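This report refers to the structure that appears directly beneath it.
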Amino acid sequence: MKYKAAWIALWLVLAGMATGAVAAPREQGQAGEFDFYVLSLSWSPTFCLTHPGDQQCSGKGYGFVLHGLWPQYTRGGWPASCDPQSRLSAAELAKGATLFPSPKLLKHEWSKHGTCSGLEASAYLDKTDAALGRVNIPQQLQPFNVPNSLDVQDIETLFRQSNPAMRTHGLAVICKGKVLSEVRVCLSKDLEFAACPRSVKSQCRDGDIRIPTQR
């Protein structure tokens with residue numbers, strides 16, 4: 001009987017995995033119910049390598065640009081596309097245009113992530129603006145100063161040196177292959193620097209990673 005019970009328990013676990021019952025929640029959630037934010041900063045030249053026709057790739061010479069401010073769960077996963085969905089007003093679109101590199105990205109980020117912040121759109125954009133103000137981009141990673149390559153540890157060190165209050169494990173470097181894609185900074189709901197949980201970690205290969213020049 002003991003072995004039979006163990007087999008039944010194993011079958012239930014496998015069945016749950018097959019149906020997604022134990023997957024981390026990512027597309028469901030209650031607005032305002034989350035643990036911390038991730039401020040995602042995209043390295044624009046890498047994005048423009050594969051999206052040359054995008055508005056942000058029109059020769060503006062961007063380096064790091066805002067990808068988004070994302071509510072996150074400490075246990076892993078995130079809420080997304082929370083109700084109620086609402087369109088951005090003309091004033092909110094104008095405010096967002098000062099933060100995001102394109103209107104398309106602004107609308108996407110508000111719909112998918114901003115609606116889960118528990119804030120009205122104007123307040124979410126103010127929060128995003130404040131989050132951007134918390135993070136100093138290292139001088140060595142400005143678009144006209146950037147070296148051709150660095151390893152992940154060098155990038156992490158540069159960000160911590162430019163932001164002394166940042167935690168040792170307070171950011172993650174994201175790559176596409178061996179090319180720099182994003183830096184993600186963990187912030188509390190009050191926008192204080194926070195340690196990233198295990199679900200937010202650097203995703204790059206060992207060794208130097210390439211940093212494309214501005215476009």
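Points worth noting:
- Residue, surrounded by the fewest Cβ atoms within 10 Å (Cβ to Cβ), within the range 136-154, restricted to residues that are among the hydrophobic types (A, V, I, L, M, F, W, C) and either farther than 14 Å from Ile209 by Cβ or without any contact (Cβ under 8 Å) to a residue 40 or more places away in the chain (or both): Phe144
- Against the test of being of a type in the set (Ser, Thr, Tyr) and either under 19 Å from Leu132 (Cβ atoms) or touching a Ser or Thr at 6+ places or on another chain (Cβ under 9 Å) (or both), the options Ser202, Ser188 yield a single qualifying residue, Ser188.
- Test: residue in the range 87-103 that is of a type outside the set (Ser, Thr, Tyr), in a helix (DSSP H, G or I) and touching a residue at least 40 places away in the same chain (Cβ under 8 Å): yes
- Condition check for Lys107: free of Cβ contacts under 8 Å to residues at least 40 places away in the same chain and among the charged types (D, E, K, R): yes
- Any chance Pro45 is farther than 19 Å from Ala123 by Cβ, out of contact with any Phe, Trp or Tyr (no Cβ under 6 Å at 6 or more places or on another chain), in a loop (DSSP other than H, G, I, E, B) and not aliphatic (A, V, I, L, M): no
- Residue list for the range 82-93, filter: surrounded by 14 or more Cβ atoms within 10 Å (Cβ to Cβ) and either hydroxyl-bearing (Ser, Thr, Tyr) or out of contact with any Phe, Trp or Tyr (no Cβ under 9 Å at 6 or more places or on another chain) (or both): Cys82, Leu93
- Here Val146 fulfils each of the conditions (1) assigned to a helix (DSSP H, G or I); (2) β-branched (Val, Ile, Thr); (3) more than 17 Å from the chain's Cα centre (by Cα) apart from (1).
- Entry remark, the range 75-105: residues being within 17 Å of Lys60 (Cβ to Cβ), of a type in the set (A, V, I, L, M, F, W, C) and touching a strand residue (DSSP E or B) at 6+ places or on another chain (Cβ under 9 Å) number 3 in total.
- Every condition in (1) surrounded by fewer than 17 Cβ atoms within 10 Å (Cβ to Cβ); (2) in contact with a helix residue (DSSP H, G or I) (Cβ under 9 Å, 6 or more places away or on another chain) holds for Asn163 except the one numbered (1).
- Subset of the range 178-215 (residues that are in a loop (DSSP other than H, G, I, E, B), among the charged types (D, E, K, R) and closer than 29 Å to Thr74 by Cβ): Lys189, Asp190, Glu192, Arg198, Lys201, Arg205, Asp206
- A residue that is under 18 Å from Leu125 (Cα atoms), touching a Gly at 6+ places or on another chain (Cβ under 9 Å) and modelled with pLDDT under 95 occurs somewhere in the range 14-32.
The values are calculated or read from the model by the stated rules, or taken from the named source; none is laboratory data. All values derive from a computational prediction rather than experimental measurement. Quick reminder, even Gly has a Cβ in these numbers, built from the backbone with ideal geometry, and neighbours come from all protein chains shown.
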